[in-house]
Each structure stands twice: as C-alpha cells, then as structure tokens.
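Accompanying notes for the structure given below.
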C-alpha cells in the first residue's frame with residue numbers, strides 16, 4: 001500500500017502500532033519509500049513521552065501533534081511535555097532519578113503498610 005501514489009505520508013503512534021519497536025519499523029518503511037511518518041497524539045501523557053522519543057529517533061517526521069484543549073489529555077505525569085513559544089516540544093533533560101514522581105517511593109509505600 002505504501003508504494004501506491006495515493007498518499008504523501010504515513011501515520012501512527014506507539015499505542016496504535018503496538019509499541020515503540022513497531023512504530024520505528026513503520027517509520028523506517030515509510031522512509032524507504034521517501035515518505036514522512038507523522039506520529040499521532042498518544043491520547044495520554046505517557047504515550048506522548050514514548051511518541052516524542054520515537055520522533056527524535058527518526059528523521060522522517062516533522063510534527064508533534066497536540067490536541068486542544070491540551071489539559072484534557074494530560075494526566076499521570078508530574079512534569080508533562082510542554083510546547084514552547086516556538087512550537088517546539090522537547091523531552092526532559094533531567095535524569096530520571098531527579099524528575100518529580102507522581103507515585104510514592106518504595107520506602108514510602110512500605111511505611112504505609
């Protein structure tokens with residue numbers, strides 16, 4: 001289907017394509033046909049983190065899709081992806097251990113039990 005002249009680009013996302021590996025493989029297939037692979041909005045914050053990492057790993061994607069109102073799709077993360085004034089989205093540069101967590105640490109869970 002990708003070789004048919006009926007499309008200019010292909011689309012998908014981590015949740016719909018079956019994970020990061022499947023999404024990267026689909027993007028590489030599109031690249032083999034000189035097509036962009038544009039990634040859908042993930043529907044929630046965690047899927048969007050995975051989508052953004054795939055977007056940064058492939059060279060044939062130009063967009064990071066944002067659904068509006070943005071707050072309706074943002075949940076589950078203490079620090080969500082924000083689009084800056086230049087319409088860019090970037091992953092966190094802090095190490096995972098330094099990022100705020102919405103879940104209590106394992107020691108905090110043990111104390112409550």
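The values are calculated or read from the model by the stated rules, or taken from the named source; none is laboratory data. Quick caveat: nothing in here was measured; it's all calculated off a predicted structure. Glycine gets a Cβ as well: all are built from the backbone with ideal geometry, and neighbour counts include every protein chain shown.
When you look at residue 62, is it exposed (fewer than 13 other Cβ atoms within 10 Å of the Cβ) and in contact with a strand residue (DSSP E or B) (Cβ under 9 Å, 6 or more places away or on another chain), yes or no? Criteria met by residue 62.
The residues on offer are 57, 86, and the sole one that is modelled with pLDDT of 80 or more, surrounded by fewer than 13 Cβ atoms within 10 Å (Cβ to Cβ), touching a helix residue (DSSP H, G or I) at 6+ places or on another chain (Cβ under 8 Å) and at negative phi is 57. Selection of the stretch 14-51 for residues being at positive phi and either in a strand (DSSP E or B) or touching a residue at least 24 places away in the same chain (Cβ under 8 Å) (or both) yields only 43.
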